Amino acid sequence: MQLTLSLMPFVSMLLITGLRPATCKANPVSCRLWADPQLPGLSMNGDFVIGGIFSIHYYMKSEPNTYTKLPLQPQCSGSMDFREFRFARAMEFTIHEINNRTDLLPGITLGFQIHDSCSAVPMAIKVAFQFANGLESSFNDSESCPKSAAAAVPALVGESASTPSISMARILGLFGIPQVSNYATCACLSDKRQYPAFFRTVPSDQHQAAALARMVKHFGWTWIGAVRSDSDYGNNGMATFLKAAQEEGICVEYSEAYYRTQPRSKLERVANVIRRSTARVIVAFLASGDMKFLLEELARDPPPPLQWIGSETWIIETEFLKFNMCSGAVGFGIPQSVIPGLREFLLDLTPAQALKSHLLTEFWERSFSCSLKGQTDYSEGARECNGSEDIRALQNPYTDTSQLRVTNMVYKATYAIAHAIHGVICNDTQCDKTTKFAPWQILQQLKRVNFTTKNGYRVNFDSKGDPAAAYELINWQIKKDGTIDFVTVGQYDSSKPRGQEFSISRSISWMGGQTEVPVSVCSESCPPGTRKAVQKGKPICCYDCIPCAEGEISNSTDSLNCVRCPPEFWPNVQRDSCYPKPVEFLSWDDTLSIILTVFSVAGAFVAVCIGAIFYKHRTSPIVRANNSELSFLLLFSLTLCFLCSLTFIGRPSEWSCMLRHTAFGITFVLCISCVLGKTIVVLMAFRATLPGSNVMKWFGPPQQRLSVLAFTLIQIIICILWLTISPPFPLKNFKHYKERIILECGLGSAIGFWAVLGYIGLLALLCFVLAFLARKLPDNFNEAKFITFSMLIFCAVWITFIPAYVSSPGKFTVAVEIFAILASSFGLIICIFAPKCFVIVFRPEKNTKKHLMGKVPSKAL
């Protein structure tokens, strides 16, 4: 049962096409077709008859097959496509023109059999079998029934549509009968393994789809809709276009398919999708019949203005110019041409001539809405034709020869077959009409044809049976009278170098007549300073614009990624360019630097002034009692401490970095060594007053100098090792501030730096302990008390310095270091020398040995 059902479609096809199984009687063998052959719509006898098939009607009458009786003879129905009828008559004109030539097929008369495929595959297949078998309804053969005569035609022109052409090409290829299509553009037909006998004079959709994708990209449309015919032409063409569009970064909001025989609900659904879409550009890869139904449906409830991008089948269809919603449409069309004499031939038609062919009769009756006597009335209720009809007054696609595009493809295809026949039966002097040849000989000759038609067009085929691709960019522009007309605004030539195939030669009128290129994007372009972030679950053309992260820029529109600025650069506010980061350091013109400089100089000046006072009163008891030699050395070291802070100001350099740290370390150790020496002297002095003590001889002036030198020498050695192993160096600090550079001195060896500070701290701590022990020794002017206070201040300053130094950003790190130097220096000079200077200058009466020794009662200072 399953096998029977699966064979039914095949049996049905055999019945439709008129073939029958081999059930023949014994000798003499007689085979007869079950169905009558399909008569051509236009025909003429000749020495060699060329076939032709065109989609003159949109439908084929059909009824359900019961498989109990023969199906009816297939017939076309629906409206007549006047443009396709013009193609058929153009073939007739071309054959007449060839017959009148003396240089091509001299003495040979070509005939033709032109059929209507009804745009239907079954009819196309039946005609294909007839082209292979002939019109005879019965066969007589004494040897075997299946053996049949030669092919009825050596070659044929057509079909116009891709789907019927594919079906025909599969059959005709088996018999080697060449088929030269004028308008079947499906790229699949270039496959010679499947369609070895197929040729065409129209370019493959492979070129058109790539050109359309490039054009869409050229105008910046990244968000489009797509609609196609649900046929081999539409599906293959759209698939090629979508692949090319994806490579160009174009996104498709929707891709809908429709075929005119499908239920109306499908058409309404496609129309509603178009109406609701957000894409303002729609690419329509539709056959003209499907496009007609779609436009009529959309006209019932017009969508928002759309920019139509059309394939060559409908973009040059004059019948669609009445649809104003398509004004501004752009698409690639076959180059227009001129065929001398064609218009006169088309208009040379009378009612008497129209009666000779049922196609001519239908054309006449549909054009003038009248009925020829004794013929079928194609316009219900129409009057009878009275002979006053003027075909020259008609305004329809049949009589419109202003845009001869596909018609020229028919002209070229017919000439190609004629040249192939000429190459087979003719020699240099004459042609032999009695020559017998097989269709495959014509096929081989077609591969080699290379000629120029009378109207100046080159005809040849590549290895795939295709011509070189050449298109005109057609634009539907509104004229001054409000009508729409085709205007050629550009060219596409596949023979040119890559990247130069597509060119625009004049301005384009867009949808609604606007001059600005319409915008059709899912998301607006991301400006410089931002990057695209694809929205989840949506195509890549739908995205959000994310500002570049800190430290990054994008300097072009629609950047996919932001680029990080080099380390020494930082983005501007718009984040679309990098500019050099400002370099920050404690410069001399900085307010903070000026303040610190004033204090440094003031401190050094105070130390010098104190030294001058001490020098002037060097013989006074208070100066002599406080070890004048160490005091002068201490004042000198304090002066250096104040001045070394100036080395921290200014642009860091290799020498300044080494100088500032070593000078600071050595001068402070010299200073603390002097204070430590004075503390030891105080302790020794009071020990020397004890009976039998001989301590002072072990710490006299030579020992004091030696101790200061020894302590200082240790720091010098530490500094030399530091500078030798890993010295400080100028450093660009990018870490504290991302938007600016801190120019500072790198420590080099952190161990060296902390060894210098640690040694200073160790001496200061030792000095503080000794001074603390000696603070209560009896004396009206016990210097150990002042040293204790000075060391307290010194230690407090440097203990707080450590966290402040580590946490201070940028130039304030240097300022903290200078402040610590100045604070500790001022603490020493104030605590140690201020009381003595006060006594020397303002209390000279207390500057006596008795008073210092406590022999005279005194009030607290």
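None of the figures in this text is laboratory data; all of them are computed from the coordinates on show. None of these values were measured; they are calculated from a predicted model. FYI the Cβ positions are ideal-geometry reconstructions off the backbone, even for glycines, and counts take in every protein chain you see.
Around P203, with a cut-off of 10 angstrom between Cβ atoms, what is the net charge of the other residues, counting Lys and Arg +1 and Asp and Glu -1?
-2
Based on a Kirkwood Rh over C-alpha pairs, give the Stokes-Einstein translational diffusion coefficient of region 530-580 at 20 °C and viscosity 1.002 mPa s in µm²/s.
188
If R₀ is 35 angstrom, what is the calculated FRET efficiency for the pair D191 and D301, using the beta carbon separation as r and rounding to 0.05?
The computed FRET efficiency comes out at 0.25.
So in the chain, what percent of DSSP beta bridges are antiparallel if you round to the nearest 5?
Taking every DSSP beta bridge with both residues in the chain, the antiparallel ones total about 55 percent.
So, with +1 on the Cβ of K and R and -1 on the Cβ of D and E, and no other charges, what is the size of the charge dipole of region 376-497 about its Cα centre, to the nearest 20 debye?
Charge dipole of region 376-497: 660 debye, to the nearest 20.
Please report the net charge: other residues with Cβ closer than 10 Å to the Cβ of L347, K and R +1, D and E -1.
Here the count lands on -1.
Only helical DSSP H runs with n ≥ 4 go in: add -39500 (n - 2.57) per run for the chain, normalise by residue count and round the 222 nm mean residue ellipticity to 500 deg cm²/dmol.
After summing the helix terms and dividing by the residues of the chain, the value is -13500 deg cm²/dmol.
Using +1 at the Cβ of each Lys and Arg and -1 at the Cβ of each Asp and Glu in region 303-427, identify which of S367, T407, P351 lies farthest towards the dipole's positive end.
Sorting the options by dipole projection puts first T407.
Counting each pair of different Cα atoms once, what's the Kirkwood radius of region 102-259 in Å, rounded to one decimal?
One over the average 1/r among Cα pairs gives 18.0 Å for region 102-259.
Just to be sure I understand: if I project the alpha-carbon convex hull of the chain onto a plane and average over all orientations, what area do I get in nm²?
Result: 64.8 nm².
Under a Cβ-only charge scheme (Lys and Arg +1, Asp and Glu -1), can you give me the dipole magnitude of region 530-580 about the Cα centre, in debye to the nearest 20?
260
Using alpha carbon coordinates only, what is the Rg to Rh ratio of region 538-622, with Rh defined as the Kirkwood radius?
Expressed as Rg/Rh, it is 1.57.
Considering only Cα-Cα distances, which of the following residue pairs are longer than 23 Å: K356/K436; K192/K412; K61/K292?
Among K356/K436; K192/K412; K61/K292, the Cα-Cα distance tops 23 Å for K356/K436.
In a shell of Cβ-Cβ distance under 13 Å around N475, excluding N475 itself, what net charge do Lys and Arg (+1) and Asp and Glu (-1) give?
0
If I model a spin label as a point 7 Å beyond the Cα along the Cα-Cβ vector, how far apart are those points for N65 and V583 in nm?
9.1
Among V563, I540, C578, whose Cα lies farthest out toward the positive end of the dipole of region 530-580, if unit charges sit on the beta carbon of Lys, Arg (+1) and Asp, Glu (-1)?
Farthest along the dipole direction, towards plus: I540.
More than 20 Å apart: what percent of Cα pairs in region 383-445 qualify?
Of all Cα-Cα pairs in region 383-445, 56 percent lie more than 20 Å apart.
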